[in-house]
Each structure stands twice: as structure tokens, then as C-alpha cells.
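**Student:** Following this message is one structure expressed as C-alpha cells.
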Amino acid sequence: MGIAIIYNKDMASEWLGASKRFSGFRERHISSEITPDDYILRFHTPEYFERVKNTPFFRPAYESIKCVLKSADEVEEHEVVIVPTVGTGHHAERDRWRGYSFFNDLAILIERLKEKGFEKIAVLETDTHHSESYRVCDARFFCISGENKCKDVVDMKCRISRSSEPEKYLSRFKEVVEGIAKANPDVVVWYLGQDLHVREYSEGNLDGEALEEMIKVFLSIPGKKIVLLSSGSREDVFEEVISAFKRHS
């Protein structure tokens, strides 16, 4: 069982800052034979798909979606599956990209999980930039300030993750995780923003110690877990997060 980390070196791109995280990454690649076009078109419009194809962001985003889809297969064999994403994200709408999210990996993953028989899906959203994906995904969403939609957002930015002291944030995080555990989902998807870290660009207050404690708490949830590790650009922060998952899985 244990942990699986899914990534593809073809996600690297000089155009996308998140690619910088992989410069020294030496994990085993898990290849995917899934062709993602059908899954992409279940959420995005054909016209939009064609527009993305004509951008320099298409290849890394396309490869990222392959890895996201593969996580739905790997979670059947592993307790925890991590996908560090590039060019995909929860901000992408059906016919437009936002914030370097070109395909909505969260919506596409939930569609794939439903297809594979996971009926009760919980989503834990802790990215510092909140999204509206809860409106379009057939899953139960949890965030730090409440269910579904973060109640403390300015310009899509979760103020709680930017202004709270680590102790207060961790206390609230534990309460949310307890709520998820009580819901007894078949699988939990954690949309974890690397930009929560104090050394990243989003002005967060959480250091490596706080993130490690969050990871320990998250892993205490019974059952299957998928982590979409989004945003961020620092290799050292990326290594801290991955190492914490390995220590506690």
C-alpha cells in the first residue's frame, strides 16, 4: 500500500513557475497510458480545448492531467497518492483559464473517481487562492472557514491562510479534518497549495513545521487519499512537503 508519487518530466516548462520545483526531483516516474481528451472535454468546451492547444502551456498542462487521471488508478493500490501539478488547477472554468490553471484538474479527477465507483468524495481545499470549483464538482467540499466556500476571501485570496498565526490555523485545520473523518468518504482529495508556505510568494504564515503537522493530521483520516500539490515554485519547499509525506505515510 503506502505512498505513490506521480509525475512526468514532460510537465517541465520554462513558461510555468511550478516547474521549478522539479529541478532536483528524482522520484520514480509512473507513466500513464490514459488519453485525457475525453475527460477534458467532459468539463471544458471543445472551442476552449482548441484554444489551449495553441498556447505554450498546453503540453505541461496536458501531461499534468494524465498524471491526475492516473492517480485514480493508483489510489486503488496505495493509501496515499500525490500528484504535483503544473499548468492545471481548480481555477480553470469551462471556457477560460485563470491563474495559470488551464484545465480544471479537480473537476476532471472527481469525474474519473466517480467513473471508477468512488461515490462519496470529500475535497479539502487549502490553497491560498480559493476557487469556485465546489459549484461544478459532485463532491463535498471542506475549507478552513467552513464547508463549500471560504467565508473570508478577498480577490480570491483566503485571508485566513495569510493572516492567521500557525497555531490558530492548525487548530481550525484539525477541526475540519475531524469533520471529514466523520463524513466517512470513500476517498479524500486534498487540494494542497504549496503557496501556503511562508517562503512562497503568497504571503502565508505557515512554515515547514506547521505544514508537516497538517500532513500528519490529514494522514490520520481513514481510507484512500489523493493529494493535488499545486502552485508554489520553490524546490526547497517542495522537498519539505514531499519528505513530510514520506515520513508519516
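The values are calculated or read from the model by the stated rules, or taken from the named source; none is laboratory data. On a predicted model such as this, the values are computed, not experimentally measured, just so you know. Counting neighbours? That spans all protein chains shown, and the Cβs are built from the backbone with ideal geometry, glycine included. Keep in mind that these areas ignore ligands, DNA and RNA; they rest on the heavy atoms of the full protein, side chains included. Shrake-Rupley method; radii C 1.70, N 1.55, O 1.52, S 1.80 Å.
**Student:** Regarding Leu228, is this residue within 21 Å of Ala18 (Cβ to Cβ), assigned to a helix (DSSP H, G or I) and either open to solvent by less than 10 Å² (accessible area, probe 1.4 Å) or in contact (Cβ under 8 Å) with a residue 12 or more places away in the chain (or both)?
**Tutor:** Numbers: within 21 Å of Ala18 (Cβ to Cβ): yes; assigned to a helix (DSSP H, G or I): no; either open to solvent by less than 10 Å² (accessible area, probe 1.4 Å) or in contact (Cβ under 8 Å) with a residue 12 or more places away in the chain (or both): yes.
Judged against the criteria, Leu228 is not a match.
**Student:** Anything in region 195-237 that is touching a Phe, Trp or Tyr at 6+ places or on another chain (Cβ under 8 Å) and farther than 25 Å from Glu76 by Cα? List them, or say none.
**Tutor:** Residues satisfying the conditions are Asp195, Asn205, Leu206, Ala210, Gly232, Ser233, Glu235.
**Student:** With the checklist (1) at pLDDT 95 or above; (2) in contact with a strand residue (DSSP E or B) (Cβ under 8 Å, 6 or more places away or on another chain); (3) within 27 Å of Lys246 (Cβ to Cβ); (4) part of a helix (DSSP H, G or I) in hand, flag the one item Leu69 doesn't pass.
**Tutor:** Unmet condition: (2).
**Student:** Hey, can you tell me all the residues within region 41-89 that are more than 17 Å from the chain's Cα centre (by Cα), open to solvent by less than 10 Å² (accessible area, probe 1.4 Å) and in contact (Cβ under 8 Å) with a residue 24 or more places away in the chain?
**Tutor:** His44, Tyr48, Val52, listed by residue number.
**Student:** Would you mind stating whether Ser131 is in contact with a helix residue (DSSP H, G or I) (Cβ under 9 Å, 6 or more places away or on another chain), closer than 26 Å to Met214 by Cβ and not in a loop (DSSP other than H, G, I, E, B)? Full working, then the answer.
**Tutor:** Numbers: in contact with a helix residue (DSSP H, G or I) (Cβ under 9 Å, 6 or more places away or on another chain): yes; closer than 26 Å to Met214 by Cβ: yes; not in a loop (DSSP other than H, G, I, E, B): no.
Taking the combined requirement at face value, the residue does not satisfy it.
**Student:** Next question, about the same structure. Taking the condition of being in a strand (DSSP E or B) and either over 19 Å from His130 (Cα atoms) or of a type in the set (D, E, K, R) (or both), how many residues in region 198-225 meet it? First the steps, then the outcome.
**Tutor:** So in region 198-225, the residues in a strand (DSSP E or B) come out as 206, 224-225.
Pick out the ones that are also either over 19 Å from His130 (Cα atoms) or of a type in the set (D, E, K, R) (or both) and you get 224-225.
Residues that pass the stated criteria total 2.
**Student:** While we're looking at this one, here's another question. If the Cβ limit is 9 Å and pairs must be 6+ apart or interchain, which residue in region 161-173 that is open to solvent by less than 30 Å² (accessible area, probe 1.4 Å) and modelled with pLDDT under 80 pairs with which residue that is in a helix (DSSP H, G or I) and among the hydroxyl-bearing types (Ser, Thr, Tyr)?
**Tutor:** Filtered contacts from region 161-173: Ser161/Tyr169.
**Student:** Also, quick follow-up: Quick check on my filter: what residues within region 15-27 are open to solvent by 20 Å² or more (accessible area, probe 1.4 Å), part of a loop (DSSP other than H, G, I, E, B) and closer than 18 Å to Tyr201 by Cβ?
**Tutor:** Trp15, Ser23
**Student:** Among the residues of region 4-14, what is the count of those that are open to solvent by less than 30 Å² (accessible area, probe 1.4 Å) and more than 16 Å from the chain's Cα centre (by Cα)?
**Tutor:** At the first step, the residues of region 4-14 found to be open to solvent by less than 30 Å² (accessible area, probe 1.4 Å) are 4-7, 11, 13.
Now narrow it down to the ones that are more than 16 Å from the chain's Cα centre (by Cα): 13.
Residues flagged as open to solvent by less than 30 Å² (accessible area, probe 1.4 Å) and more than 16 Å from the chain's Cα centre (by Cα) within region 4-14 amount to 1.
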